[in-house]
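K.L.:
Structure provided below as structure tokens; questions to follow.
The values are calculated or read from the model by the stated rules, or taken from the named source; none is laboratory data. Because the structure is predicted, anything quoted here is derived from the model rather than measured. All Cβ positions, glycine included, derive from the backbone under ideal geometry; neighbour counts span all protein chains shown. Each accessible area value is taken on the protein alone, full model and side chains, heavy atoms only, with ligands, DNA and RNA left out. Shrake-Rupley method; radii C 1.70, N 1.55, O 1.52, S 1.80 Å.
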Amino acid sequence: MPPEEFAAVAAQVFGDRLALASEYARLLVTDGVVRGLIGPREAPRIWERHLVNCAVMSEMIPNGASVLDVGSGAGLPGIVLAVARPDLTITLVEPLARRTAFLTEAVTALGLEAAVTVVRGRADEVVGGPAAGADVVTARAVAPLDRLAGWCLPLARVGGRLLALKGSSAADEADEHRAVIAELGGGEPVLRLCGTGLIDPPATVVEIVKERDVVPVRPKPSSRAEGPGRGAGSRTGGRGSGRGRSRRG
């Protein structure tokens, strides 16, 4: 159960699902720590820094929305939102096998199978799949805002939103990357404070509305690569093709 100083806030945020949130907290501070998903120093402050901090994001998500959580890790904020908001349909996207194994086990242990799906993969591998076109895409402490927008905006429907849970760098990142975000089809990044009056400081969320779809521009093949006399070792194939997979998402 939450510590005494957070008991009232946790009860307000999670309501009648506080016991379920407490069970998730137990999973994080036991299996999550043992399996390297949560640092040992985070265990005593799991409610303050993680559960409540993520749960207050739910005030920005409309009823019945589809949510895609990119780089879900140990389920923050995806599983927290599923616990706090049973009306949501949530997909957790995570590329690492050990993390997706934990997520799958946690979803089963918490009885969230009807509302939560776990997908192993990078964000760019999910584009065009059944989880894409979400009403809301969430991410927490995954990457700088320009890269995050590049991964997440393609997963939202036009008119949908990216909600990026950020720290003290949020305002600087929004100022620095607004031009890149616009090129990616996103609107003006707006800083929102969630949980005002409940937690101090409130959680800072950068909200970006997807205004349009953007088709990635593929580079044209060079004239040298198209010319005669290029054998199997040319740049059009083989080890020199430059088609290595990026480590995004």
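K.L.:
Pick from Pro221, Pro201: which is within 22 Å of Leu81 (Cα to Cα), open to solvent by 60 Å² or more (accessible area, probe 1.4 Å) and either assigned to a loop (DSSP other than H, G, I, E, B) or modelled with pLDDT of 95 or more (or both)?
P.N.:
After ruling out the rest, the residue left standing is Pro201.
K.L.:
While we're looking at this one, here's another question. Count, please, the residues in region 123-142 that happen to be assigned to a loop (DSSP other than H, G, I, E, B) and touching a residue at least 12 places away in the same chain (Cβ under 8 Å). Break it down into steps so the answer makes sense when it comes.
P.N.:
Applying the first criterion (assigned to a loop (DSSP other than H, G, I, E, B)) to region 123-142 yields 127-133, 141-142.
Adding the requirement that they be touching a residue at least 12 places away in the same chain (Cβ under 8 Å) leaves 127, 131-133, 141-142.
The qualifying residues number 6.
K.L.:
What is the one condition in (1) in a helix (DSSP H, G or I); (2) in contact (Cβ under 8 Å) with a residue 40 or more places away in the chain; (3) under 14 Å from the mean Cα position of the chain (by Cα) that Thr100 does not satisfy?
P.N.:
Single failed check for Thr100: (2).
K.L.:
Name every residue in region 122-136 that is touching a strand residue (DSSP E or B) at 6+ places or on another chain (Cβ under 9 Å) and surrounded by 15 or more Cβ atoms within 10 Å (Cβ to Cβ), in order of residue number.
P.N.:
Arg122, Ala123, Glu125, Val126, Ala131, Ala132, Gly133, Ala134, Asp135, Val136
K.L.:
Within region 137-153, take every residue that is open to solvent by 40 Å² or more (accessible area, probe 1.4 Å) and within 13 Å of the chain's Cα centre (by Cα) and give me the one that is nearest to Thr89 (Cα to Cα).
P.N.:
Arg140
K.L.:
With respect to Gly78, determine if the residue is touching a Ser or Thr at 6+ places or on another chain (Cβ under 7 Å), crowded, with 21+ Cβ neighbours inside 10 Å, of a type in the set (Gly, Ala, Ser) and in contact (Cβ under 8 Å) with a residue 24 or more places away in the chain.
P.N.:
Yes: the conditions hold for Gly78.
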